[in-house]
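Below you'll find the structure, written out as structure tokens, and then a few comments.
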Amino acid sequence: MLSAQVPSEFAQWNHYVDGAPTPDTYYRPEYATLYDENGDGRIVALVVATSANRFLLPLLLRPVPFSDRDEIDAITPYVAAGQPKGRCHRRERVGAQTAQPLP
């Protein structure tokens, strides 16, 4: 997991986005930290690797309201979570629009 608050991880996050097929502004930590600065939660990026690809999944971590324990939830910083591309078959899953393979 990468934290936008840690300079070396912020740079690694940008490195991954630079190498993505679509290095869009919305995937960058600079965009994601706007939510953090607004007080909506702490922004992180989960990096999921398979033998063939790496995926960067920005998440907004928030305290669970009305909880008597230190619990957090994780939501997407985007309006909608990734929607499947193409058809999903029982044995085959396809990536989400916001989850792009990285180098």
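The values are calculated or read from the model by the stated rules, or taken from the named source; none is laboratory data. Because the structure is a prediction, the values reported are computed rather than measured. Every residue, glycine as well, gets a Cβ built from its backbone with ideal geometry; the counts of neighbours run over all protein chains shown.
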Exercise. Return the only residue of ALA4, ALA32, ALA20, ALA45 being aliphatic (A, V, I, L, M), within 19 Å of THR76 (Cβ to Cβ) and touching an Asp or Glu at 6+ places or on another chain (Cβ under 7 Å).
Key: ALA4
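Do we have any residue at all in the stretch 59-77 that's part of a loop (DSSP other than H, G, I, E, B) and either touching a helix residue (DSSP H, G or I) at 6+ places or on another chain (Cβ under 8 Å) or modelled with pLDDT under 75 (or both)? Talk me through it step by step, then tell me what you get.
Looking only at the stretch 59-77, we keep the residues that are part of a loop (DSSP other than H, G, I, E, B), and these are 64-71, 76-77.
Next cut, either touching a helix residue (DSSP H, G or I) at 6+ places or on another chain (Cβ under 8 Å) or modelled with pLDDT under 75 (or both) only: 77.
So far as the stretch 59-77 goes, yes, one or more of its residues are part of a loop (DSSP other than H, G, I, E, B) and either touching a helix residue (DSSP H, G or I) at 6+ places or on another chain (Cβ under 8 Å) or modelled with pLDDT under 75 (or both).
Tell me, which residue of the stretch 1-45 that is aliphatic (A, V, I, L, M) and in contact with a Phe, Trp or Tyr (Cβ under 8 Å, 6 or more places away or on another chain) is surrounded by the fewest Cβ atoms within 10 Å (Cβ to Cβ)? Full working, then the answer.
Within the stretch 1-45, the first condition is being aliphatic (A, V, I, L, M), and the residues that meet it are 1-2, 4, 6, 11, 17, 20, 32, 34, 43-45.
Among the residues that remain, those that are also in contact with a Phe, Trp or Tyr (Cβ under 8 Å, 6 or more places away or on another chain) are: 2, 4, 17, 20, 43, 45.
Working: LEU2: 21, ALA4: 21, VAL17: 23, ALA20: 16, ILE43: 23, ALA45: 23.
Per the criteria, the residue is ALA20.
For every residue, the table says whether it meets (1) outside any strand (DSSP E or B); (2) modelled with pLDDT under 85; (3) over 26 Å from PHE10 (Cβ atoms).
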{"residue": "LEU56", "(1), (2), (3)": "no, no, no"}
{"residue": "GLY82", "(1), (2), (3)": "yes, yes, no"}
{"residue": "VAL94", "(1), (2), (3)": "yes, yes, yes"}
{"residue": "ALA99", "(1), (2), (3)": "yes, yes, no"}
Quiz item: What do you reckon, is LEU34 closer than 16 Å to MET1 by Cβ, modelled with pLDDT of 85 or more and either not β-branched (Val, Ile, Thr) or not in a helix (DSSP H, G or I) (or both)?
Solution: no
